[in-house]
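Participant: The structure that follows is given in the form of structure tokens.
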Amino acid sequence: MLELARYDGSNRLKGSIYLAMAMSILAAAVIWIYPSFSESFDDIDEQFMDAYPEQVIQLFDVQTMATLEGFLAFELYIFGWVILLGLYLAYLAAGTIASDIEHERMDILLSMPVTRARVVAEKFGSLAVPIVVVNVLTPVVVYVSAFLVDESLDIVDLIAIHALSIPYLFACAGIGLVASVAVSRTSIAQRVALGVVFGLFMLESLVNETDYEALGAIAPMRYFDPNEILLESTYDLTSAAVLVVMTVLLVVVSQLWFRRRDIS
């Protein structure tokens, strides 16, 4: 059982460690510059908010820069997790099926006693390795870095934001998976996945608190709010459940699509 997932997962382990190291370096750098950043302003929020157009503040949902939690929410979690990791997981997932089709490995794989649905599910399951590794190693670096600069972070909030980011990242990966079964060329599937995820981020940011807010319901970003977790200690399990349902639907759609498509 799960031979494909274990094989692909083991192949992703080294890259996942590098990913976690990169995000940890980003986290440490963000925390390291925070003390000097906070000391350079008399009123951080007023001066920072006035320095940027309202559209930029809305796009990145900047709520406060006066605390380390607010600074991290913007600099690390909205930029690093919501945007960068969301795009990266979509990109990674877009190559799971398309790459095997493009390089003619899929015919060999399907000659084994496995169903197409199982191939899709296990290929997708292997993405748990980078998602889990980056969310296990990085919070340790975040907490230690905050301690070293004499700042405090609520460890429960820190654990919560990384735990709740997992269903978000899986949902982004689900978008990439659909692109992977729909397109045979890996590069095209990856561009489609990147475009859709970034487009959904822009959609949710621009329609938020407008008459068209309902349109943003299809965006995974609506259901993962770093500000809410770090600034208010609010853990929205309903939104996490929505992301789980969204991921399951994307995987099922991918399985059904792949069952019916010609890979020759």
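The values are calculated or read from the model by the stated rules, or taken from the named source; none is laboratory data. Remember, it's a predicted structure, so these values are computed and weren't measured experimentally. Counting neighbours? That spans all protein chains shown, and the Cβs are built from the backbone with ideal geometry, glycine included. In case anyone asks, the SASA skips ligands and DNA or RNA and just uses the protein heavy atoms, side chains included. Shrake-Rupley method; radii C 1.70, N 1.55, O 1.52, S 1.80 Å.
Participant: Which residues, counting only those in region 16-58, are touching a helix residue (DSSP H, G or I) at 6+ places or on another chain (Cβ under 8 Å), at pLDDT below 70 and either in a helix (DSSP H, G or I) or open to solvent by 70 Å² or more (accessible area, probe 1.4 Å) (or both)?
Facilitator: Those that are touching a helix residue (DSSP H, G or I) at 6+ places or on another chain (Cβ under 8 Å), at pLDDT below 70 and either in a helix (DSSP H, G or I) or open to solvent by 70 Å² or more (accessible area, probe 1.4 Å) (or both): Ile44, Met49.
Participant: Inside region 253-264, can you point out the residues that are outside any loop (DSSP other than H, G, I, E, B) and open to solvent by 60 Å² or more (accessible area, probe 1.4 Å)?
Facilitator: Val253, Leu256, Trp257, Arg259, Arg260
Participant: If you don't mind, another one. Would you mention how many residues in region 168-195 are under 30 Å from Glu232 (Cα atoms) and either open to solvent by 20 Å² or more (accessible area, probe 1.4 Å) or outside any helix (DSSP H, G or I) (or both)?
Facilitator: The total comes to 2.
Participant: Another question, if that's okay. Would you check if Ile155 is open to solvent by 30 Å² or more (accessible area, probe 1.4 Å) and either of a type outside the set (Lys, Arg) or more than 17 Å from Ala93 (Cα to Cα) (or both)?
Facilitator: yes
Participant: List every residue pair whose Cβ atoms lie under 8 Å apart, where the two residues are 6 or more positions apart in sequence or sit on different chains, the first residue falls within region 3-19 and is closer than 15 Å to Met112 by Cβ, and the second residue, located anywhere, is basic (Lys, Arg) and in a helix (DSSP H, G or I).
Facilitator: What qualifies is Leu4/Arg118; Leu4/Lys123; Ala5/Lys123; Asp8/Lys123.
Participant: I need the full set of residues from region 220-241 which are open to solvent by 50 Å² or more (accessible area, probe 1.4 Å), part of a helix (DSSP H, G or I) and of a type in the set (Val, Ile, Thr), in order please.
Facilitator: The answer is Thr238, and nothing else.
Participant: Could you tell me whether region 103-121 includes any residue that is within 29 Å of Pro226 (Cβ to Cβ) and of a type in the set (Val, Ile, Thr)?
Facilitator: No, region 103-121 contains no residue that is within 29 Å of Pro226 (Cβ to Cβ) and of a type in the set (Val, Ile, Thr).
Participant: Please specify each residue of region 236-264 satisfying the condition of being β-branched (Val, Ile, Thr) and modelled with pLDDT of 95 or more.
Facilitator: Thr238, Val242, Val244, Val245, Thr247, Val248, Val251, Val252, Val253
Participant: From the list Leu85, Leu137, pick out the single residue that is in a helix (DSSP H, G or I), modelled with pLDDT of 90 or more and surrounded by 22 or more Cβ atoms within 10 Å (Cβ to Cβ).
Facilitator: Exactly one residue qualifies, and that residue is Leu85.
Participant: Please find, within region 242-264, the residue that is farthest from Ala160 (Cα to Cα) out of those that are under 16 Å from the mean Cα position of the chain (by Cα) and touching a residue at least 60 places away in the same chain (Cβ under 8 Å).
Facilitator: That would be Leu250.
Participant: To continue, here is another question. In region 69-78, is there at least one residue being modelled with pLDDT under 95 and over 28 Å from Phe198 (Cα atoms)?
Facilitator: No, because not a single residue in region 69-78 is modelled with pLDDT under 95 and over 28 Å from Phe198 (Cα atoms).
Participant: Same structure again: Residue check: is Leu203 aliphatic (A, V, I, L, M), open to solvent by 20 Å² or more (accessible area, probe 1.4 Å), in contact with a helix residue (DSSP H, G or I) (Cβ under 7 Å, 6 or more places away or on another chain) and closer than 30 Å to Ile101 by Cβ?
Facilitator: Yes, satisfied.
Participant: Also, quick follow-up: Quick check on my filter: what residues within region 88-109 are open to solvent by 10 Å² or more (accessible area, probe 1.4 Å), over 15 Å from Ala171 (Cα atoms), in contact with a helix residue (DSSP H, G or I) (Cβ under 7 Å, 6 or more places away or on another chain) and not in a loop (DSSP other than H, G, I, E, B)?
Facilitator: Listed by number, the residues that qualify are Ser99, Asp100, Glu102, Leu109.
Participant: Then there is this: So Asn208 fits all but one of (1) within 20 Å of the chain's Cα centre (by Cα); (2) at pLDDT 90 or above; (3) open to solvent by 20 Å² or more (accessible area, probe 1.4 Å); what number is the exception?
Facilitator: With (1) within 20 Å of the chain's Cα centre (by Cα); (2) at pLDDT 90 or above; (3) open to solvent by 20 Å² or more (accessible area, probe 1.4 Å) applied to Asn208, the lone miss is (2).
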